[in-house]
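*Asks:* Sharing a structure with you now.
The values are calculated or read from the model by the stated rules, or taken from the named source; none is laboratory data. Here the structure is a predicted model, which is why all the values come from computation and not from measurement. Neighbour counts run over all protein chains shown; Cβ positions are idealised from the backbone, glycine included.
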Amino acid sequence: MADTVLYEVTDGLGTITINRPDAMNAMNTEAKVALREAVLAAAEDTAVRAVLLTATGRAFCVGQDLKEHISSLTADREAGTGNTMSTVREHYNPILRALVDMPKPVVAGINGVAAGAGLGFALAADYRIAADTSAFNTSFAGVALTADSGVSWTLPRLIGYGRASDLLLFPRSIKAQEALELGLVNRVVPAAALAAEATAMARALAEGPTVAYAALKASLAYGSEHGLSDTLEKEDELQSLAGASEDHAIAVQAFVDKAKPKYLGR
């Protein structure tokens with residue numbers, strides 16, 4: 001896997017680190033391919049019980065690498081093709097689907113600016129913990145583009161249609177505290193503490209009842225798009241699966257014994 005994205009698995013935690021700090025972790029083609037491969041690997045690896053998505057340097061990810069992008073647009077014009085925008089289908093869509101659909105919790109440790117597709121990656125996580133020096137920007141309209149990387153799906157679900165429309169039509173830098181108040185992130189911590197706090201949170205999830213976490217993700221996703229009756233049926237189905245897990249039996253016995261459960265992830 002390319003050095004633009006680092007991927008390691010330790011004790012059930014898969015850590016994916018975007019690693020183009022000199023470019024503020026902008027996504028060139030190499031980085032997009034590497035991130036896609038890392039996220040898909042984490043989703044498919046049965047040894048991975050939780051995922052931490054983070055980055056190096058002073059930015060989380062500022063989205064598309066515009067230097068590479070403008071070169072590609074020029075080549076498209078000269079050749080009469082439209083290959084440049086196929087990156088949405090080839091790279092961003094698979095990354096977002098894998099982050100949202102994987103049956104394991106994803107924590108985003110947001111160390112700095114998250115803009116454009118970088119914002120999309122962060123919003124696709126199940127839990128977002130941000131440094132107090134971080135900032136957020138939809139960015140798309142600022143370069144005469146529409147939303148991609150799942151933002152038109154995740155953003156209104158987190159902050160509502162009206163606020164999402166405002167932030168997409170009038171892009172601006174949103175500081176960490178406002179992001180917390182809007183609901184873009186779940187928690188803000190001092191920048192110096194982010195790495196340790198995000199890792200500890202993701203590791204706690206990796207050690208938790210991951211069958212239940214997978215069911216919770218599925219239940220939330222289903223409930224956001226279906227009516228009450230259908231959602232109740234889905235909850236019944238998923239609860240039956242969770243209730244039959246070894247982790248549930250372990251949790252109940254630990255409760256009776258007044259002991260800390262040691263989950264197996266099955």
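*Asks:* Look at P156 and say whether it is more than 18 Å from the chain's Cα centre (by Cα) and either buried (at least 18 other Cβ atoms within 10 Å of the Cβ) or within 26 Å of L35 (Cα to Cα) (or both). So that I can check it myself, show each step before the final result.
*Replies:* Values: more than 18 Å from the chain's Cα centre (by Cα): no; either buried (at least 18 other Cβ atoms within 10 Å of the Cβ) or within 26 Å of L35 (Cα to Cα) (or both): yes.
Spelling it out, it is not the case that P156 is more than 18 Å from the chain's Cα centre (by Cα) and either buried (at least 18 other Cβ atoms within 10 Å of the Cβ) or within 26 Å of L35 (Cα to Cα) (or both).
*Asks:* Pick from the range 126-142 the residues that are within 20 Å of D65 (Cβ to Cβ) and aromatic (F, W, Y): which of them is surrounded by the fewest Cβ atoms within 10 Å (Cβ to Cβ)?
*Replies:* Filtering the range 126-142 for residues that are within 20 Å of D65 (Cβ to Cβ) and aromatic (F, W, Y), the one surrounded by the fewest Cβ atoms within 10 Å (Cβ to Cβ) comes out as F140.
*Asks:* I would also like to ask the following. Within the set of pairs 6+ apart or on separate chains, which have a first residue in the range 58-71 that is in the same structural domain as N25 (by TED's automatic domain parsing), a second that is at pLDDT below 85, and C-beta atoms under 7 Å apart?
*Replies:* Filtered contacts from the range 58-71: H69/T84.
*Asks:* What are the residues in the range 94-106 that are assigned to a helix (DSSP H, G or I) and either in contact (Cβ under 8 Å) with a residue 40 or more places away in the chain or not assigned by TED's automatic domain parsing to the domain that holds G150 (or both), if any?
*Replies:* Listed by number, the residues that qualify are P94, I95, L96, A98, L99, V100, D101.
*Asks:* Same structure, new question: Can you tell me which condition S71 does not meet? The list is (1) over 29 Å from T133 (Cβ atoms); (2) touching a Lys or Arg at 6+ places or on another chain (Cβ under 6 Å), and all the others hold.
*Replies:* Among (1) over 29 Å from T133 (Cβ atoms); (2) touching a Lys or Arg at 6+ places or on another chain (Cβ under 6 Å), the lone unmet condition for S71 is (2).
*Asks:* Find the residue count for the range 18-52, including only residues that are within 15 Å of the chain's Cα centre (by Cα) and among the β-branched types (V, I, T).
*Replies:* Going through the range 18-52 one residue at a time, the tally reaches 3.
*Asks:* Now, a different point. Six or more apart or on different chains, Cβ under 9 Å: which pairs go from a residue in the range 238-266 that's within 12 Å of Y213 (Cβ to Cβ) to one that's surrounded by fewer than 13 Cβ atoms within 10 Å (Cβ to Cβ) and at pLDDT 90 or above? Could you list them?
*Replies:* If the second residue must be surrounded by fewer than 13 Cβ atoms within 10 Å (Cβ to Cβ) and at pLDDT 90 or above, the pairs left are G265/T46.
*Asks:* What residue, of T46, T54, T17, T29, is within 21 Å of A204 (Cα to Cα), modelled with pLDDT under 95 and β-branched (V, I, T)?
*Replies:* Of T46, T54, T17, T29, the one residue that is within 21 Å of A204 (Cα to Cα), modelled with pLDDT under 95 and β-branched (V, I, T) is T46.
*Asks:* L184 - would you say it is outside any helix (DSSP H, G or I), within 17 Å of the chain's Cα centre (by Cα), assigned by TED's automatic domain parsing to the domain that holds A115 and crowded, with 16+ Cβ neighbours inside 10 Å?
*Replies:* Values: outside any helix (DSSP H, G or I): yes; within 17 Å of the chain's Cα centre (by Cα): yes; assigned by TED's automatic domain parsing to the domain that holds A115: yes; crowded, with 16+ Cβ neighbours inside 10 Å: yes.
Considered against the rule, which asks whether it is outside any helix (DSSP H, G or I), within 17 Å of the chain's Cα centre (by Cα), assigned by TED's automatic domain parsing to the domain that holds A115 and crowded, with 16+ Cβ neighbours inside 10 Å, L184 comes out as yes.
*Asks:* Residue pairs, Cβ under 6 Å, 6 or more apart or interchain, first in the range 132-144 and small (G, A, S), second assigned to a strand (DSSP E or B). List them.
*Replies:* Cβ pairs passing all conditions: S134/I110; A135/V113; A135/K175; S139/A115.
*Asks:* Please pick out the residue among L167, L123, L145, L119 that is touching a strand residue (DSSP E or B) at 6+ places or on another chain (Cβ under 7 Å), surrounded by 14 or more Cβ atoms within 10 Å (Cβ to Cβ) and aliphatic (A, V, I, L, M).
*Replies:* None of the other options fit; the residue is L119.
*Asks:* Tally up the residues in the range 43-57 that are crowded, with 23+ Cβ neighbours inside 10 Å and either in contact with a Phe, Trp or Tyr (Cβ under 7 Å, 6 or more places away or on another chain) or without any contact (Cβ under 8 Å) to a residue 40 or more places away in the chain (or both), please.
*Replies:* 1
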